[in-house]
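I have placed the structure first, in the form of structure tokens, so that the comments after it can refer back to it.
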Amino acid sequence: VKEKIQGIVQAYNDMVSDFAVLTGPKSEDEEDIFSGSLKGDSTPRTVLAQIRATLFGESDTKGDTIATFRDLGVSVDKDGVVSLDETVLDSALNSNFEEVVKTLAGRTSETVDGETVIKRGLGVELAARVRDLMAPSGIILSQSSSAETQVAKHEDKLTDLEDRLQTILDRYTKQFAAMESLVGQITAMRENLKGQFEALSNAYK
């Protein structure tokens, strides 16, 4: 249980760190294709907000003394970095192990207004939240698919633009070739006339 909670804390901090890179300033390193790639995109904020709300919320299957991750020594600083007080966690595991399990992994059902409502522990809820975010209809894949569609449209437009530019280039090339030919003909005619005038002038000397 302790290792799993440590893993959650580490995974959350990794996510925060990665999102900071993705939404931060663009790196001057041309090989760095990640930094700043999602700057201005609301998806990371939405994902982070949903995960944070679950991580720091109260369990639907809470115990009498253990109800949140905070009760297990999990805290967050002003920069959004999560830390784990292992002393608090060890104490909770040693003295209230059943409540810890219930708060994290509990799953019960209740009937409310004739409908069955599933109540889940924080760990179960967190896993379900991640699955929903990563599902085909979830925000991550939906935004990714939308971005790929936009890229494909831009690539098609770029191809059309390149085709139009090539057509214009071909037309101008032909026109300049015709102009060059005309200049050559005019130059030849000028030289021919110059020769004739010189011959005529010599004949009258």
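The values are calculated or read from the model by the stated rules, or taken from the named source; none is laboratory data. None of these values were measured; they are calculated from a predicted model. Note that each Cβ is placed from the backbone with ideal geometry, even for glycine, and that neighbours are counted across all protein chains shown. Just so you know, the surface numbers come from the protein's heavy atoms only, side chains and all, with ligands and any DNA or RNA stripped out. Shrake-Rupley method; radii C 1.70, N 1.55, O 1.52, S 1.80 Å.
Values computed for the structure shown
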quantity	calculated
Solvent-accessible area, 1.4 Å probe, carbon plus sulfur percent, for the chain	55
Ranked order, T54, T23 - accessible area, probe 1.4 Å, largest first	T23, T54
Contour minus Cα-Cα distance for A11 and E86 (0.36 nm per residue)	25.3 nm
Hydrodynamic radius by Kirkwood, which averages 1/r over all alpha carbon pairs of the stretch 23-139, in angstrom	16.6
The stretch 167-205-the stretch 103-122 distance, computed between alpha-carbon centres (Å)	94
For the chain, with +1 on Lys and Arg beta carbons and -1 on Asp and Glu, the positive-most of T173, A127, V76 along the dipole	T173
Sequence-separation-based contact order of the stretch 42-131, relative, with Cα cut under 8 Å and 6+ spacing, percent	31
Prolate/oblate/rounded call for the stretch 39-86, Cα gyration tensor, a/c under 1.5 rounded	oblate
Structure-derived Rg/Rh (Cα atoms, Kirkwood Rh) - corresponding label in (i) 0.97; (ii) 1.54; (iii) 1.02	(ii)
Residue-normalised accessible area of the chain, expressed per residue, 1.4 Å probe, Å²	71
Sequence-distant lysines (8 or more away, or on other chains) whose Cα lies within less than 17 Å of K4	K102
Relative contact order (%) - criterion: Cα under 8 Å, at least six apart; region: the chain	14
For K62, distant residues with modelled amide H under 5 Å away	none
Candidate lysines for bridging to K78, where Cα separation is under 18 Å - those fewer than 8 sequence places away on the same chain excluded	none
Amide hydrogen neighbours beyond the local backbone of K119, cut-off 5 Å, H modeled	T108, S109, E110
